[in-house]
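Notes to accompany the following structure.
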Amino acid sequence: MATTFIPVHQRVSRRAAANPNAVAISCNGETLSYGELDRRANRLARRLQAAGAARDQLIAIGMERSIDMVVGLLAILKSGAAYLPIDLEYPPERVEFTLQDAQPVAFLTNAASRASLPPTGLPVLLADDASLAEEDDSDIGDADPDATAYCIYTSGSTGRPKGCLVTHANVARLFDATDDWFGFGPGDVWTFFHSHAFDFSVWEIWGALAYGGRVVVVPYTVTRSPSEFLELLVREKVTVLNQTPSAFRSLIDADRRAGLAPEALALRYVVFGGEALSFESLRPWFERHGDATPRLVNMYGITETTVHVTYRPVSWADLEVRRGSMIGVPIPDLRIDLLDEQLRPVADGETGEIVVSGAGVSNGYLRRPELTAQKFIDWTDPASGRVLRAYRSGDLGRRTPDGDIECLGRMDHQVKIRGFRIETDEIETLLLRHPGLRECAVVARQDPGEDEARLVAYLVPSAGHVAASELRAHLAKDLPAFMLPAAFVEMAALPITENGKLDRRALPVPPRQRPELAAPFFEPSGALERRVCQVFAEVLGIDRAGALDNFFELGGTSLAVLKVLRQLDGAGSRRLSANDFFQDATPRALARAMGEPAAQVAATVAPAATAPAAAGPEAVAIIGMAGRLPG
């Protein structure tokens, strides 16, 4: 293992000096060499310094995934500042909160994304500004190991997201400490698949560039189309793939449907992270590809401990043993202790909180000293007497006799949906700011027959009925799409246990009826339109869908879109894509997109009468996500 500290941006510069013509980045047919990447980043870094970039200062960066984004991230590190990733698909209010809370000195974007920026009051710099050619392109970029490299905001239990400060030393040692396991090198091709506001991207981008490999920037629409993504993996000869288990399940199905020869894929590794992995879900993959190549690896991780904490190869043999989410052993420079409520180690086989110590533990939360003191602790190891700086994950686990660790879920109500970490308390706090609600509870539930967990909000109105569409709009002002509940259930009272706590197990399964929407119900007309409505209802588990119902308002998610696409494949003269859902996710629009003549679907149908749901302890109102595909 390397012991000399070399920040990731200096590793990129060394690669550029050693092999300047090697391709560093590719995106939509465009490429950028290591030499040009380094020169562009150096020029932009000097421009950032002129705008106030300095040690531990934050530079916000928000744009579509592109070559410009990677250049911008590298330039921020070279400037001495830290990057603050801003996902422009988040609601403007959430972006505004993040910017006000983090107080960056500038905002970096590119010409294509500038129009999407909300008002920031910050100096705005363009990564593709033509005048940058006038800047000095010589090497720049020293870094102190303890200086901040990036600040990623995660969900907060008080309704207030928190920024996690990760240092250059935290990031650099991640690759040093895992090198013996993976042996990454210049011949590897990685995908930049995830949002830069999700810390899995740290591993994807800097893993590729630090080792001299090539990073393939995956356009957003391709990340939501498993068939197109599979084609990209084959075309680009990708060797290192990083996926949440939910996304990989969709890729498994696309691989099965495509019927490609296993040798068509060049994959060496598939690394899982972001959410619990069910080994059984990998059975179809092993049946097609066997147990040798690629190597599948489960890596439990936390933003506060720098992306990854553990390493657990998964083999066919694991499927023959009925086990939970096994996460393996800690990265060599990290340590995991399982502790009880008094922070005492529990015996093997007993359940305890996963507490992580070692070189990956970050500097805590930006301007949140009380929360930092609560979660980042000085813990004394009773066996050695050593005092360790450790992070209390809030996750539960138990150690097996062979030293493996099984992750058992959350101590609190934090959950992961499609890889995004969500504090349900944050959603509840925002819901209770609505004057029409007295009580609420938000849970993640995965009922029988459902392929993924979904957020469900259970509500007790303060007086009368509150329209679910109104609540959705209320939340959408502050929350990104992946944090919007897929269903809202109105109840007369929340169930409680004998000791007065919320009885989450007694919360009812949301009834499978058409959600209460702001728009009325319209009967479908035309064969394709009726077929799309039928598929919507089948996939979402509801009794019916109308011709003008928006798929996401019905409760649709990104993974549900994939199911719709599969069921409608071949139904029309044109094949639907995920991008069609971005344009208009109603059966009428999709039927037209599939080739049904406009004359068959143009007529406006009178809204069907709908009886209001009965009041009482059972659910009376359910709605779903709206807007762009979440995640």
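The values are calculated or read from the model by the stated rules, or taken from the named source; none is laboratory data. In this text, all values refer to a predicted model and were calculated from it rather than measured experimentally. Here Cβ is always computed from backbone atoms with ideal geometry, including for glycine, and neighbour counts include all displayed protein chains. Calculation scope for accessible area: heavy atoms of the full protein, side chains included, ligands and nucleic acids excluded. Shrake-Rupley method; radii C 1.70, N 1.55, O 1.52, S 1.80 Å.
Report the full-extension gain for the segment residue 264 to residue 329: residue separation times 0.36 nm, less the Cα-Cα distance, to one decimal in nm.
Gain on extension, residue 264 to residue 329, equals 20.2 nm.
From the phi angles alone, apply the Karplus equation (6.51, -1.76, 1.60; θ = phi - 60°) to region 576-589 and give each ³J(HN,Hα) in whole Hz, x where the residue is Gly or Pro.
6, 10, 4, 5, 4, 5, 5, 6, 6, 8, 10, x, 5, 5
Just for region 1-135, what percent of DSSP beta bridges are antiparallel, to the closest 5?
Bridges in region 1-135 that DSSP calls antiparallel: roughly 30 percent.
Select one label from (1) 45.1; (2) 33.0; (3) 29.2: the one whose number is mean projected area of the Cα convex hull in nm² as derived from the coordinates shown.
Given (1) 45.1; (2) 33.0; (3) 29.2, the calculated one carries the label (3).
Can you pull the one-decimal nm distance between simple spin-label points at residue 411 and residue 575, each 7 Å off the Cα toward Cβ?
4.9 nm
For residue 373 paired with residue 287, estimate the spin-label separation in nm (one decimal), with each label point 7 Å from Cα along the Cα-to-Cβ line.
5.6 nm
Going by average Cβ density within 10 Å per residue, which order do the peptides 266-275, 565-574 take, highest to lowest? The partial results should precede the final answer.
Working: 266-275: 21.4, 565-574: 15.0.
Taking the mean over residues of other Cβ atoms within 10 Å, the ranking is 266-275, 565-574.
What is the set of long-range amide H partners of residue 192 at a cut-off below 5 Å, with H atoms built 1.01 Å from backbone N?
Close amide H contacts, sequence-distant or interchain: 216, 217, 218.
Can you list the HN-Hα couplings for region 279-286, worked out from phi with the Karplus curve (6.51, -1.76, 1.60; θ = phi - 60°), rounded to whole Hz and with x for Gly and Pro?
Once rounded to whole Hz, the list reads 4, 4, 5, 8, 4, x, 5, 4.
Can you list the residues, at least 5 places off or on another chain, whose amide H is less than 5 Å from the amide H of residue 167, using H built in the peptide plane?
HN-HN under 5 Å from residue 167: 149, 363.
Give me the extension gain from residue 477 to residue 396: residue separation times 0.36 nm, minus the current Cα-Cα distance, reported in nm with one decimal.
Values: separation 81, 0.36 × 81 = 29.16 nm, distance 3.29 nm.
Here the segment from residue 477 to residue 396 would lengthen by 25.9 nm.
Taking 0.36 nm per residue of separation and subtracting the Cα-Cα distance, what length does fully extending residue 351 through residue 523 add?
56.6 nm
Counting DSSP beta bridges in the chain, what percent are antiparallel, to the nearest 5?
65 percent
To the nearest 0.05, how large is the calculated FRET efficiency for residue 5 and residue 133 if R₀ is 35 Å and r is the Cβ-Cβ distance?
Calculated transfer efficiency: 0.60.
Using the alpha-carbon centroid of each, what span in Å lies between region 248-295 and region 1-59?
Distance between centres, Cα-based: 32 Å.
Keeping the other protein chains in place, figure out the carbon and sulfur percent of the accessible area of the chain, with a 1.4 Å probe.
Of all accessible area on the chain, carbon and sulfur atoms account for 50 percent.
Using a 1.4 angstrom probe, figure out how much accessible area the chain has per residue, in square angstrom, rounded to the nearest whole.
Value for the chain: 39 Å² per residue.
Output the peptides 339-347, 217-225 sorted from most to least packed, where packing is the average of other Cβ atoms within 10 Å over each peptide's residues.
On the way: 339-347: 12.0, 217-225: 20.2.
Peptide ranking by packing, descending: 217-225, 339-347.
Which FRET efficiency value, to the nearest 0.05, do you get for residue 344 and residue 465 by plugging their Cβ-Cβ distance into 1/(1 + (r/R0)^6) with R0 = 45 Å?
Approximately 0.35, to the nearest 0.05.
Each residue of region 92-100 in order: what ³J(HN,Hα) in whole Hz does its phi give by Karplus 6.51 cos²θ - 1.76 cosθ + 1.60, θ = phi - 60°, with x for Gly and Pro?
x, 5, 6, 4, 4, 4, 4, 5, 5
How many nm is it between the label spots at residue 504 and residue 23, if each spot is 7 Å from the Cα in line with the beta carbon?
My value for the distance between the label points is 4.6 nm.
For the chain, with only Lys/Arg (+1) and Asp/Glu (-1) charged at the beta-carbon, what is the dipole magnitude about the Cα centre, in debye rounded to 20?
It comes to approximately 600 debye.
Would you grab the residues whose amide H sits under 5 Å from the one on residue 309? Only those 5+ places off in sequence or on another chain, please, with H modelled 1.01 Å from N.
300, 301, 302
How would you order 186-196, 462-472, 553-563 from highest to lowest mean count of nearby Cβ atoms within 10 Å?
Put in order of decreasing packing, that is 553-563, 186-196, 462-472.
Give me the percent relative contact order of the chain, please, defined on Cα pairs under 8 angstrom at least 6 residues apart.
Once divided by the residue count of the chain, the mean separation gives 10 percent.
FRET efficiency for residue 493 and residue 543, Cβ-Cβ distance as r, R0 = 30 Å, nearest 0.05?
Efficiency, rounded to the nearest 0.05: 0.70.
Can you give the helix-only mean residue ellipticity at 222 nm for the chain, where every DSSP H stretch with n ≥ 4 adds -39500 (n - 2.57) and the sum goes over all residues, rounded to the nearest 500 deg cm²/dmol?
-8000 deg cm²/dmol
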